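First the structure, in the form of C-alpha coordinates, and then the observations on it.
The values are calculated or read from the model by the stated rules, or taken from the named source; none is laboratory data. This is a predicted model, so every value here is computed, not measured. Cβ placement follows ideal geometry from the backbone for every residue including glycine, while neighbour counts extend to all protein chains displayed.
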Amino acid sequence: MSQTLPTEGLALAGRDLNLSYDRRTVVTGAAIELRRGAVTALLGPNGSGKSTLLRSLARLHRPDAGGVTLGADGADALALHPKDFARQVTLLSQSRPTPSGVTVRDVVAYGRHPYRGRFRTADPDGPRAVGHAMEVTGVAAMADRGVDELSGGELQRVWLATCLAQDTGVLLLDEPTTYLDLRYQVELLDLVRDLAAVHGVAVGVVLHDLNQAAQVADHVVLLDSGVVRAAGSVDDVLTGDLLTDVYGIDVAVYTHPVTGRTCCEAVGRHDVRRSADDDVRVLTDQAVAV
Ligand SMILES: Nc1ncnc2c1ncn2[C@@H]1O[C@H](COP(=O)(O)OP(=O)(O)OP(=O)(O)O)[C@@H](O)[C@H]1O
(Lines give C-alpha, C1' and ligand atoms only; values in the text may rest on other atoms or scores of the structure.)
Protein backbone atom coordinates (compact mmCIF):
# COMPACT_ATOMS: atom_id res chain seq x y z
CA MET A 1 0.00 0.00 0.00
CA SER A 2 1.63 3.27 -1.03
CA GLN A 3 0.97 6.63 0.56
CA THR A 4 1.33 10.00 -1.11
CA LEU A 5 3.56 12.21 1.03
CA PRO A 6 5.25 15.54 0.33
CA THR A 7 8.51 15.08 -1.58
CA GLU A 8 10.24 18.22 -0.25
CA GLY A 9 13.54 17.30 1.37
CA LEU A 10 13.24 13.73 0.19
CA ALA A 11 16.71 12.25 -0.33
CA LEU A 12 16.15 8.51 -0.76
CA ALA A 13 12.96 6.48 -0.69
CA GLY A 14 11.88 2.89 -1.05
CA ARG A 15 8.33 2.15 -2.10
CA ASP A 16 6.28 -1.04 -2.04
CA LEU A 17 9.45 -3.08 -1.66
CA ASN A 18 9.28 -6.85 -1.76
CA LEU A 19 12.64 -8.43 -0.94
CA SER A 20 13.60 -12.09 -0.92
CA TYR A 21 16.44 -14.60 -0.69
CA ASP A 22 16.14 -17.65 -2.93
CA ARG A 23 12.45 -16.94 -3.47
CA ARG A 24 11.77 -16.68 0.27
CA THR A 25 10.18 -13.28 0.76
CA VAL A 26 11.57 -11.58 3.86
CA VAL A 27 10.26 -8.03 3.39
CA THR A 28 6.80 -7.29 2.03
CA GLY A 29 5.39 -4.00 0.76
CA ALA A 30 7.85 -1.86 2.71
CA ALA A 31 7.95 1.91 2.34
CA ILE A 32 10.65 4.11 3.84
CA GLU A 33 11.67 7.71 3.30
CA LEU A 34 14.95 9.34 4.25
CA ARG A 35 14.89 13.14 4.32
CA ARG A 36 17.68 15.68 4.21
CA GLY A 37 18.71 16.78 7.68
CA ALA A 38 16.87 13.95 9.42
CA VAL A 39 17.90 10.69 11.07
CA THR A 40 15.62 7.72 10.43
CA ALA A 41 16.12 4.68 12.65
CA LEU A 42 15.13 1.19 11.50
CA LEU A 43 14.13 -0.95 14.45
CA GLY A 44 12.72 -4.42 14.93
CA PRO A 45 13.52 -7.87 16.28
CA ASN A 46 16.21 -10.16 14.88
CA GLY A 47 15.35 -11.31 11.38
CA SER A 48 12.61 -8.71 10.87
CA GLY A 49 14.32 -7.45 7.69
CA LYS A 50 16.12 -4.27 8.77
CA SER A 51 19.47 -5.02 7.11
CA THR A 52 17.84 -6.36 3.97
CA LEU A 53 15.71 -3.22 3.66
CA LEU A 54 18.72 -0.97 4.25
CA ARG A 55 20.78 -2.90 1.71
CA SER A 56 18.01 -2.56 -0.87
CA LEU A 57 18.19 1.24 -0.42
CA ALA A 58 21.95 0.97 -1.07
CA ARG A 59 21.26 -1.08 -4.24
CA LEU A 60 22.93 -4.13 -2.73
CA HIS A 61 19.73 -6.16 -2.72
CA ARG A 62 17.61 -6.03 -5.84
CA PRO A 63 13.88 -5.83 -5.09
CA ASP A 64 11.40 -8.31 -6.57
CA ALA A 65 8.86 -5.51 -6.61
CA GLY A 66 8.80 -1.82 -5.80
CA GLY A 67 11.41 0.83 -6.40
CA VAL A 68 14.11 2.99 -4.89
CA THR A 69 14.21 6.67 -5.80
CA LEU A 70 16.67 9.48 -5.21
CA GLY A 71 15.84 13.10 -4.55
CA ALA A 72 12.60 15.05 -4.56
CA ASP A 73 12.03 14.41 -8.25
CA GLY A 74 12.00 10.65 -7.68
CA ALA A 75 14.85 9.66 -10.02
CA ASP A 76 15.15 5.89 -10.36
CA ALA A 77 18.13 5.00 -8.15
CA LEU A 78 18.40 1.55 -9.69
CA ALA A 79 19.04 3.06 -13.13
CA LEU A 80 21.96 5.30 -12.12
CA HIS A 81 25.57 4.58 -13.06
CA PRO A 82 27.28 2.99 -10.02
CA LYS A 83 29.73 5.90 -9.62
CA ASP A 84 26.94 8.48 -9.77
CA PHE A 85 25.02 6.52 -7.15
CA ALA A 86 28.16 6.20 -4.97
CA ARG A 87 28.57 9.98 -4.97
CA GLN A 88 25.14 10.26 -3.40
CA VAL A 89 24.68 7.24 -1.15
CA THR A 90 27.03 5.25 1.07
CA LEU A 91 26.49 2.29 3.38
CA LEU A 92 28.38 1.21 6.47
CA SER A 93 27.47 -2.46 6.44
CA GLN A 94 27.45 -4.79 9.42
CA SER A 95 30.58 -6.72 8.53
CA ARG A 96 33.27 -6.20 5.96
CA PRO A 97 36.31 -8.33 5.24
CA THR A 98 39.46 -6.80 6.75
CA PRO A 99 41.98 -6.11 3.99
CA SER A 100 45.58 -6.99 4.82
CA GLY A 101 48.71 -5.00 4.08
CA VAL A 102 46.97 -1.63 3.86
CA THR A 103 47.01 1.31 6.24
CA VAL A 104 44.11 3.12 7.84
CA ARG A 105 44.73 6.09 5.55
CA ASP A 106 44.57 3.82 2.47
CA VAL A 107 41.24 2.37 3.56
CA VAL A 108 39.72 5.77 4.32
CA ALA A 109 41.01 7.08 0.97
CA TYR A 110 39.11 4.24 -0.70
CA GLY A 111 35.97 6.24 0.14
CA ARG A 112 37.05 8.69 -2.60
CA HIS A 113 36.74 6.08 -5.36
CA PRO A 114 33.58 7.60 -6.91
CA TYR A 115 35.43 10.86 -7.49
CA ARG A 116 38.43 9.42 -9.29
CA GLY A 117 38.71 8.81 -13.01
CA ARG A 118 39.61 5.50 -14.58
CA PHE A 119 43.31 6.20 -14.25
CA ARG A 120 43.13 7.59 -10.68
CA THR A 121 42.99 11.11 -12.04
CA ALA A 122 42.86 14.13 -9.77
CA ASP A 123 40.44 14.41 -6.87
CA PRO A 124 41.21 17.89 -5.52
CA ASP A 125 38.88 17.52 -2.53
CA GLY A 126 40.27 14.10 -1.62
CA PRO A 127 43.00 14.96 0.92
CA ARG A 128 40.72 17.36 2.81
CA ALA A 129 37.82 14.89 2.86
CA VAL A 130 40.02 12.00 4.00
CA GLY A 131 41.71 14.12 6.70
CA HIS A 132 38.40 15.43 7.99
CA ALA A 133 36.80 11.97 8.04
CA MET A 134 39.74 10.56 10.04
CA GLU A 135 39.62 13.50 12.44
CA VAL A 136 35.92 13.30 13.33
CA THR A 137 36.00 9.54 13.79
CA GLY A 138 39.11 9.69 16.00
CA VAL A 139 41.31 7.55 13.74
CA ALA A 140 43.79 10.25 12.60
CA ALA A 141 46.36 9.14 15.20
CA MET A 142 46.39 5.62 13.74
CA ALA A 143 46.53 6.72 10.08
CA ASP A 144 49.76 4.82 9.32
CA ARG A 145 48.86 1.61 11.14
CA GLY A 146 47.85 -1.52 9.26
CA VAL A 147 44.10 -2.14 9.47
CA ASP A 148 44.70 -5.84 10.15
CA GLU A 149 46.17 -4.97 13.55
CA LEU A 150 43.21 -2.92 14.83
CA SER A 151 40.59 -3.86 17.42
CA GLY A 152 36.99 -4.38 16.34
CA GLY A 153 35.94 -0.93 17.56
CA GLU A 154 38.90 0.83 15.94
CA LEU A 155 38.16 -0.93 12.67
CA GLN A 156 34.49 0.06 12.88
CA ARG A 157 35.55 3.71 13.17
CA VAL A 158 37.87 3.34 10.19
CA TRP A 159 34.99 1.99 8.07
CA LEU A 160 32.83 4.86 9.22
CA ALA A 161 35.61 7.29 8.20
CA THR A 162 35.67 5.62 4.77
CA CYS A 163 31.94 6.29 4.40
CA LEU A 164 32.35 9.91 5.53
CA ALA A 165 35.23 10.47 3.09
CA GLN A 166 32.76 9.49 0.36
CA ASP A 167 31.01 12.76 1.19
CA THR A 168 27.50 11.69 0.22
CA GLY A 169 24.17 13.32 1.00
CA VAL A 170 22.76 10.00 2.18
CA LEU A 171 24.45 7.91 4.86
CA LEU A 172 23.19 4.39 5.61
CA LEU A 173 24.50 2.71 8.76
CA ASP A 174 23.86 -0.87 9.79
CA GLU A 175 24.30 -1.28 13.55
CA PRO A 176 27.15 1.26 13.65
CA THR A 177 27.57 1.18 17.43
CA THR A 178 28.48 -2.53 17.49
CA TYR A 179 32.00 -3.04 18.90
CA LEU A 180 32.22 0.56 20.13
CA ASP A 181 32.95 1.38 23.74
CA LEU A 182 30.69 3.73 25.70
CA ARG A 183 32.49 6.91 24.67
CA TYR A 184 32.58 6.09 20.97
CA GLN A 185 28.94 4.95 20.98
CA VAL A 186 27.90 8.35 22.29
CA GLU A 187 30.33 10.19 20.01
CA LEU A 188 29.07 8.28 16.99
CA LEU A 189 25.46 9.16 17.79
CA ASP A 190 26.49 12.80 18.31
CA LEU A 191 28.32 12.76 14.99
CA VAL A 192 25.29 11.30 13.23
CA ARG A 193 23.10 14.04 14.69
CA ASP A 194 25.60 16.72 13.60
CA LEU A 195 25.81 15.30 10.09
CA ALA A 196 22.05 15.54 9.81
CA ALA A 197 21.41 18.80 11.66
CA VAL A 198 24.45 20.81 10.55
CA HIS A 199 25.32 19.32 7.17
CA GLY A 200 21.85 18.30 6.03
CA VAL A 201 22.78 14.64 5.49
CA ALA A 202 19.91 12.15 5.29
CA VAL A 203 20.76 9.28 7.64
CA GLY A 204 19.18 5.83 7.76
CA VAL A 205 20.45 3.76 10.67
CA VAL A 206 19.67 0.24 11.85
CA LEU A 207 19.83 0.07 15.64
CA HIS A 208 19.03 -2.58 18.22
CA ASP A 209 19.22 -0.27 21.18
CA LEU A 210 15.86 1.48 21.43
CA ASN A 211 17.35 4.11 23.73
CA GLN A 212 19.99 4.99 21.18
CA ALA A 213 17.20 5.32 18.62
CA ALA A 214 15.28 7.64 20.96
CA GLN A 215 18.46 9.66 21.41
CA VAL A 216 19.36 10.11 17.76
CA ALA A 217 16.29 9.65 15.56
CA ASP A 218 13.80 12.12 14.13
CA HIS A 219 11.81 9.29 12.57
CA VAL A 220 11.48 5.65 13.44
CA VAL A 221 10.47 2.75 11.21
CA LEU A 222 9.56 -0.37 13.17
CA LEU A 223 9.73 -3.66 11.29
CA ASP A 224 7.96 -6.81 12.37
CA SER A 225 8.37 -10.05 10.38
CA GLY A 226 9.27 -8.18 7.20
CA VAL A 227 6.43 -5.69 7.40
CA VAL A 228 6.60 -2.04 8.44
CA ARG A 229 4.49 -2.16 11.56
CA ALA A 230 4.72 1.55 12.39
CA ALA A 231 6.53 4.64 11.15
CA GLY A 232 6.61 8.12 12.66
CA SER A 233 8.15 10.16 15.43
CA VAL A 234 9.90 8.61 18.43
CA ASP A 235 6.88 9.31 20.62
CA ASP A 236 4.47 7.83 18.09
CA VAL A 237 6.35 4.59 17.57
CA LEU A 238 8.16 3.87 20.83
CA THR A 239 5.15 3.02 22.93
CA GLY A 240 4.99 0.28 25.54
CA ASP A 241 2.09 -1.56 23.94
CA LEU A 242 3.55 -1.60 20.44
CA LEU A 243 7.07 -2.59 21.53
CA THR A 244 5.74 -5.26 23.89
CA ASP A 245 3.74 -6.74 21.04
CA VAL A 246 6.52 -6.58 18.42
CA TYR A 247 9.40 -7.80 20.62
CA GLY A 248 7.32 -10.34 22.57
CA ILE A 249 8.56 -9.15 25.95
CA ASP A 250 7.23 -6.53 28.35
CA VAL A 251 8.76 -3.19 27.45
CA ALA A 252 8.34 -0.23 29.76
CA VAL A 253 8.52 3.21 28.19
CA TYR A 254 9.04 6.27 30.35
CA THR A 255 10.52 9.73 30.30
CA HIS A 256 13.96 9.92 31.87
CA PRO A 257 13.71 12.16 34.96
CA VAL A 258 17.08 13.85 34.29
CA THR A 259 17.48 14.03 30.51
CA GLY A 260 13.78 14.16 29.60
CA ARG A 261 14.45 11.56 26.91
CA THR A 262 12.15 8.68 26.03
CA CYS A 263 13.56 5.51 27.57
CA CYS A 264 12.63 1.91 26.82
CA GLU A 265 13.38 -0.91 29.18
CA ALA A 266 12.63 -4.58 28.62
CA VAL A 267 11.46 -6.17 31.85
CA GLY A 268 12.78 -9.67 32.50
CA ARG A 269 11.51 -12.47 34.73
CA HIS A 270 14.06 -11.66 37.39
CA ASP A 271 13.39 -7.96 37.53
CA VAL A 272 12.90 -7.10 41.20
CA ARG A 273 10.12 -4.65 40.42
CA ARG A 274 8.02 -7.29 38.76
CA SER A 275 5.15 -8.90 40.58
CA ALA A 276 2.79 -11.44 39.11
CA ASP A 277 -0.33 -9.36 39.84
CA ASP A 278 0.87 -5.95 38.78
CA ASP A 279 1.24 -4.09 35.57
CA VAL A 280 4.93 -3.92 34.80
CA ARG A 281 4.75 -0.59 33.04
CA VAL A 282 3.00 1.12 35.95
CA LEU A 283 5.59 -0.26 38.38
CA THR A 284 8.45 1.00 36.26
CA ASP A 285 6.92 4.46 35.97
CA GLN A 286 6.66 4.62 39.75
CA ALA A 287 10.19 3.35 40.28
CA VAL A 288 11.54 6.07 38.04
CA ALA A 289 9.34 8.79 39.48
CA VAL A 290 10.63 8.46 43.08
N1 LIG B 1 22.12 -14.08 2.84
C2 LIG B 1 20.94 -14.55 3.22
N3 LIG B 1 20.44 -15.66 2.65
C4 LIG B 1 19.22 -16.14 3.02
N5 LIG B 1 18.43 -15.57 3.94
C6 LIG B 1 18.90 -14.45 4.53
C7 LIG B 1 20.16 -13.87 4.20
N8 LIG B 1 20.33 -12.77 4.94
C9 LIG B 1 19.24 -12.65 5.72
N10 LIG B 1 18.37 -13.66 5.47
C11 LIG B 1 17.06 -13.85 6.11
O12 LIG B 1 16.27 -12.71 5.83
C13 LIG B 1 15.49 -12.36 6.97
C14 LIG B 1 15.77 -10.90 7.31
O15 LIG B 1 17.13 -10.80 7.68
P16 LIG B 1 17.81 -9.41 8.03
O17 LIG B 1 19.25 -9.67 8.22
O18 LIG B 1 17.39 -8.41 7.02
O19 LIG B 1 17.10 -9.08 9.40
P20 LIG B 1 17.52 -8.05 10.52
O21 LIG B 1 16.25 -7.45 11.03
O22 LIG B 1 18.55 -7.12 10.03
O23 LIG B 1 18.12 -9.05 11.60
P24 LIG B 1 19.20 -8.86 12.77
O25 LIG B 1 18.60 -7.90 13.77
O26 LIG B 1 19.32 -10.24 13.32
O27 LIG B 1 20.48 -8.34 12.16
C28 LIG B 1 15.86 -13.34 8.06
O29 LIG B 1 14.87 -14.33 8.09
C30 LIG B 1 17.17 -13.91 7.61
O31 LIG B 1 17.30 -15.24 8.05
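Points worth noting:
- Search result, residues across the range 133-152 that are surrounded by fewer than 16 Cβ atoms within 10 Å (Cβ to Cβ) and not basic (Lys, Arg): 135, 141, 144, 148, 149, 151, 152
- Residue selected from the range 96-154 under the condition assigned to a loop (DSSP other than H, G, I, E, B) and small (Gly, Ala, Ser), by the criterion nearest to residue 183 (Cα to Cα): 138
- Qualifying position, being among the charged types (D, E, K, R) and under 27 Å from residue 237 (Cα atoms), among 62, 87, 35: 35
- Failed item in (1) away from the ligand (no atom under 14 Å from the Cβ); (2) modelled with pLDDT of 95 or more; (3) within 14 Å of the chain's Cα centre (by Cα), with residue 207 passing the rest: (1)
- Within the range 165-185, the set of residues being modelled with pLDDT of 90 or more and either within 16 Å of the ligand (Cβ to nearest atom) or β-branched (Val, Ile, Thr) (or both) comprises 168, 170, 172, 173, 174, 175, 176, 177.
- Residue in the range 177-199 that is under 12 Å from the mean Cα position of the chain (by Cα), in the same structural domain as residue 37 (by TED's automatic domain parsing), closer than 30 Å to residue 83 by Cα and in a loop (DSSP other than H, G, I, E, B) present: yes
- The residue that is nearest to the ligand (Cβ to nearest atom), among those in the range 22-67 that are part of a strand (DSSP E or B), in contact with an Asp or Glu (Cβ under 9 Å, 6 or more places away or on another chain) and polar (S, T, N, Q), is 25.
- Cβ-Cβ contacts under 9 Å between residues 6 or more apart (or on different chains), taken from a first residue in the range 54-66 that is in contact (Cβ under 8 Å) with a residue 60 or more places away in the chain and within 13 Å of residue 77 (Cβ to Cβ) to a second residue that is in a helix (DSSP H, G or I) and of a type outside the set (Phe, Trp, Tyr), are listed as 57/77.
- Strands (runs of 3 or more DSSP E) contained in the range 210-255 and holding at least 3 residues under 19 Å from the mean Cα position of the chain (by Cα) and more than 14 Å from the ligand (Cβ to nearest atom): 227-232
- Looking at 141, 122, just one residue is closer than 21 Å to residue 190 by Cβ and assigned by TED's automatic domain parsing to the domain that holds residue 82, and that residue is 141.
- Every condition in (1) more than 16 Å from the ligand (Cβ to nearest atom); (2) modelled with pLDDT of 95 or more holds for residue 83 except the one numbered (2).
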